[in-house]
Amino acid sequence: MADCLFCKIVAGEIPSTKVYEDEQCLAFADTNPQAPRHVLVVPKKHFTDIGDLGQDAEAAAGLVAGIGGLARQEGFTDYRTVFNTGAGVGQSVFHVHAHVLSGRPMGWPPG
Ligand code: AMP
Ligand code: ZN
């Protein structure tokens with residue numbers, strides 16, 4: 001999609017620190033990390049948010065598989081996966097992405 005930051009990262013038009021890739025997903029380091037490990041997992045195809053993604057069962061399964069593949073590859077045993085949906089809760093890039101955070105204790109509920 002034109003003018004989408006994460007589509008441009010997927011296309012290689014904007015650099016990123018790639019951590020994991022499979023047929024459907026790309027995972028790269030967040031530039032403003034909130035944990036020692038903070039990786040964003042995105043579907044290569046553009047979806048606006050998790051509600052949009054959920055209308056495509058194959059792509060939704062692909063993103064979940066990508067999160068699992070990233071965790072296995074990186075040896076994450078304890079990690080938190082977050083989807084921000086809507087500007088009111090902090091979504092700033094409207095290409096669905098899973099934040100995968102690991103490497104420090106995290107309380108629940110989150111602050
Ligand atoms: P959200 O606020 O949930 O939409 O998450 C967007 C995330 O993208 C934020 O955590 C940003 O730090 C991160 N981000 C923004 N630009 C880049 C970039 N060029 N490369 C990697 N992460 C980015
Ligand atoms: Zn996009």
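Val100 - would you say it is surrounded by 14 or more Cβ atoms within 10 Å (Cβ to Cβ) and within 28 Å of Asp3 (Cβ to Cβ)?
Yes: the conditions hold for Val100.
In the list His95, His38, which residue meets the criterion of being within 12 Å of the chain's Cα centre (by Cα) and either among the aliphatic types (A, V, I, L, M) or not in a loop (DSSP other than H, G, I, E, B) (or both)?
His38
Conditions first: (1) in contact (Cβ under 8 Å) with a residue 24 or more places away in the chain; (2) surrounded by 16 or more Cβ atoms within 10 Å (Cβ to Cβ). Gly86 passes all but one, so which condition is the exception?
Unmet for Gly86, out of (1) in contact (Cβ under 8 Å) with a residue 24 or more places away in the chain; (2) surrounded by 16 or more Cβ atoms within 10 Å (Cβ to Cβ): (2).
Output the number of residues of region 45-83 satisfying the condition of being in contact (Cβ under 8 Å) with a residue 40 or more places away in the chain and assigned to a loop (DSSP other than H, G, I, E, B).
Result for region 45-83: 4.
Condition check: touching a Phe, Trp or Tyr at 6+ places or on another chain (Cβ under 6 Å) and at pLDDT 95 or above. Does Lys8 satisfy that?
So Lys8 fails the test.
What number of residues in region 8-35 are surrounded by fewer than 16 Cβ atoms within 10 Å (Cβ to Cβ), under 13 Å from the mean Cα position of the chain (by Cα) and under 16 Å from Thr81 (Cβ atoms)?
Residues flagged as surrounded by fewer than 16 Cβ atoms within 10 Å (Cβ to Cβ), under 13 Å from the mean Cα position of the chain (by Cα) and under 16 Å from Thr81 (Cβ atoms) within region 8-35 amount to 2.
In region 52-63, what count of residues is obtained for those that are surrounded by 14 or more Cβ atoms within 10 Å (Cβ to Cβ) and not acidic (Asp, Glu)?
Residues that pass the stated criteria total 5.
With respect to the numbered conditions (1) near ligand 1 (Cβ under 10 Å from one of its atoms); (2) within 21 Å of Glu13 (Cβ to Cβ), which one is the sole condition not fulfilled by Gln24?
The number of the failed condition is (1).
The values are calculated or read from the model by the stated rules, or taken from the named source; none is laboratory data. Just so it is clear, the model here is predicted, and its values are computed rather than measured. All Cβ positions, even for glycine, are placed from backbone atoms using ideal geometry, and neighbour counts span all protein chains on display.
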